[in-house]
Every structure is written in structure tokens, then in C-alpha cells.
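Undergrad: Here it is, the structure, as C-alpha cells.
The values are calculated or read from the model by the stated rules, or taken from the named source; none is laboratory data. Just so we're clear, the structure is a prediction, and the values are computed from it rather than from any experiment. All Cβ positions, even for glycine, are placed from backbone atoms using ideal geometry, and neighbour counts span all protein chains on display.
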């Protein structure tokens with residue numbers, strides 16, 4: 001069988017650094033959409049706790065345990081990252097989304113100011129602290145944005161990777177030009 | 001204009017898609033008279049004041065919302081998930 005070369009959605013485009021901001025690829029090894037079946041929400045939380053030390057996150061929240069993370073991504077939906085979804089079989093609709101998303105990580109002291117130019121939500125630490133994850137728009141793109149230690153993870157549809165990088169680089173350059 | 005989504009909190013209007021009056025939540029029963037279908041499909045109030053309509057949080061949590069708002073003052077009075085049973089009342 002042919003040996004295929006796996007390329008991430010951001011291959012050849014990242015990393016980028018302008019001023020104090022850095023944009024890099026941060027693709028998780030595995031992304032699974034978890035949508036609990038009606039009445040199974042408690043069972044899903046229990047199974048996630050037992051298998052990965054996680055739970056089903058409240059709206060706007062994310063949970064992490066080691067490499068495994070789970071981000072709230074919409075009404076009745078969360079993304080399980082870097083973890084095996086098998087323990088949830090029969091409790092939730094599970095969809096492999098690993099190759100459907102491009103994940104970018106924006107880091108630097110003014111990362112929230114950069115995103116303020118593209119995202120109509122307050123992402124400053126006081127309003128969007130550790131353990132926050134939301135679904136919103138990155139300019140005209142649907143995006144999932146999560147707080148990480150030193151910045152933000154930004155997930156956009158894979159086909160939007162180059163557009164998202166272009167938008168973010170424009171902002172990074174203009175902030176860097178201000179000095 | 002900002003709409004306080006019950007799941008996401010207050011969000012900018014650009015994240016939402018406007019669908020129309022909340023009449024769409026009250027579909028006539030099977031066998032209803034033609035007048036009921038006519039009203040359901042075509043007859044809409046155009047109030048200067050309090051109105052209720054459906055919005056989709058398409059750039060956010062993807063929930064359908066029933067928004068009660070005032071067309072004169074632009075005040076948003078209440079927002080509920082359309083999936084709640086009482087929302088159709």
C-alpha cells in the first residue's frame with residue numbers, strides 16, 4: 001500500500017511571529033464531537049469522568065486532565081480532544097472531526113487585543129479566564145475559541161485555515177507596527 | 001443591538017440570523033381549516049411596540065431563540081430557547 005504523507009491544514013503557513021505575538025499550528029491528535037442523547041447527559045458526564053477524569057462542560061467552559069480536553073462547542077455539543085471516545089458509545093452521538101478543523105494557537109501578551117479586532121466577544125482575562133471555551137465568529141468565520149495558558153486556541157473549519165491565518169496575520173502586523 | 005443568548009450570554013447582533021415571527025412555533029393541527037393555514041403562512045402583525053420573533057444563533061451555539069423585544073425602543077425584554085416547551089405559548 002502507498003505510504004501517504006499526512007499534512008496538517010496549516011502546513012507551510014505557520015508559525016508566524018510579528019512583534020510580541022506568535023501564531024502556530026496546534027492540531028490535537030484526535031477531535032470527536034460528542035452530542036449526548038436525550039436524557040443521557042448525566043450518564044455521559046459519568047462515563048467521561050470514569051474514562052478520562054473529565055465531564056461534560058457547561059456552556060462556555062472547557063475541562064482538561066493531562067492531554068485530554070473537552071470544549072463546549074454549542075447547544076448539546078462538545079469536542080473531546082486527544083482522548084478515546086469509545087466509553088461514550090450508546091450514550092452520545094460521536095463523530096470523528098479530527099481532519100475537519102484547523103487549530104491555531106495565538107500567544108503573546110496582547111493576544112486578547114489582537115482578537116478584539118476580529119471577535120465580537122470580550123476575551124480579556126477578567127471575562128474569559130482559564131477554562132473558557134466559546135463558539136463565536138472570527139470575522140466572518142465560525143470559530144471555536146478556547147483560553148490556553150499563554151493565549152488562545154482558535155479552531156476554524158479546515159477549508160478556512162488560510163483565510164483565518166491571513167486575517168490574524170493582518171492584525172498581528174498592524175499591532176506590531178504600532179510598537 | 002445585543003441579544004442575551006440563554007447559553008452564551010450577551011452577544012452582538014451579527015452572530016444571529018433573523019427568521020420571523022414566533023407564529024412559526026404554532027403550526028396548525030392536521031385537518032385544520034384553510035383559514036388557519038392562511039394565517040400561519042401569510043398573516044403577520046407589524047407592531048410598533050412589543051413583538052416576539054425567532055432568531056438563530058448561527059455564529060454561536062446554534063440554538064433557536066424566541067426573542068421578545070420592543071421595535072420602538074429596541075429593548076430586548078426576554079430571550080428563551082425555542083426548545084423549551086413553554087416557549088411556544
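Undergrad: I want to confirm something. Restricting to the range A:168-179 and keeping residues that are surrounded by fewer than 18 Cβ atoms within 10 Å (Cβ to Cβ) and touching a strand residue (DSSP E or B) at 6+ places or on another chain (Cβ under 7 Å), which single residue is nearest to residue A:140 (Cα to Cα)?
TA: Here is the first cut: in the range A:168-179, the residues surrounded by fewer than 18 Cβ atoms within 10 Å (Cβ to Cβ) are A:169-170, A:173-174, A:176-179.
Now drop any that are not touching a strand residue (DSSP E or B) at 6+ places or on another chain (Cβ under 7 Å), which leaves A:169, A:173, A:176.
Working: A:169: 16, A:173: 20, A:176: 23 Å.
Step by step, filter the range A:168-179, then rank; the result is A:169.
Undergrad: If you go through the range B:59-84, how many residues are touching a helix residue (DSSP H, G or I) at 6+ places or on another chain (Cβ under 8 Å) and either away from chain A (no Cβ under 11 Å) or free of Cβ contacts under 8 Å to residues at least 24 places away in the same chain (or both)?
TA: The total comes to 2.
Undergrad: Give me the residue from the range A:101-132 that is under 12 Å from the mean Cα position of the chain (by Cα) and within 25 Å of residue A:11 (Cα to Cα) and, out of that set, surrounded by the most Cβ atoms within 10 Å (Cβ to Cβ).
TA: Only one residue tops the list, namely A:104.
Undergrad: Right, next: Report yes if residue A:55 is at positive phi and either outside the structural domain of residue A:153 (by TED's automatic domain parsing) or buried (at least 20 other Cβ atoms within 10 Å of the Cβ) (or both), otherwise no.
TA: Judged against the criteria, residue A:55 is not a match.
Undergrad: Also: Just to verify a result, which residue in the range A:28-39, among those that are surrounded by fewer than 18 Cβ atoms within 10 Å (Cβ to Cβ) and in contact (Cβ under 8 Å) with a residue 12 or more places away in the chain, is farthest from residue A:94 (Cα to Cα)?
TA: A:29
Undergrad: What's the total number of residues in the range B:1-58 that are closer than 30 Å to residue A:139 by Cβ, part of a strand (DSSP E or B) and either within 12 Å of another protein chain (Cβ to nearest Cβ) or within 12 Å of the chain's Cα centre (by Cα) (or both)? Steps first, answer last, please.
TA: Step one: filter the range B:1-58 for residues closer than 30 Å to residue A:139 by Cβ, giving B:1-20, B:53-58.
Narrowing further to those that are part of a strand (DSSP E or B): B:2-5, B:9-12, B:17-20, B:53-56.
Those left that are additionally either within 12 Å of another protein chain (Cβ to nearest Cβ) or within 12 Å of the chain's Cα centre (by Cα) (or both): B:2-3, B:5, B:9-12, B:17-20, B:53-56.
Of the residues in that region, 15 qualify.
Undergrad: Same structure again: Name, by its number, the condition in (1) surrounded by fewer than 16 Cβ atoms within 10 Å (Cβ to Cβ); (2) without any contact (Cβ under 8 Å) to a residue 24 or more places away in the chain that does not hold for residue A:137.
TA: (1)
Undergrad: Scan the strands (runs of 3 or more DSSP E) fully inside the range A:65-155 and keep the ones with 1 or more residues being under 22 Å from residue B:13 (Cβ atoms), in contact with a strand residue (DSSP E or B) (Cβ under 9 Å, 6 or more places away or on another chain) and within 14 Å of chain B (Cβ to nearest Cβ).
TA: Working: elements: A:68-74, A:77-81, A:92-96, A:101-107, A:133-138, A:141-148.
It comes to A:68-74, A:133-138, A:141-148.
Undergrad: Please go through the range A:32-60 and give me each residue that is within 23 Å of residue B:9 (Cα to Cα), assigned to a loop (DSSP other than H, G, I, E, B) and away from chain B (no Cβ under 14 Å), ordered by number.
TA: Hit for the range A:32-60 is A:55, nothing else.
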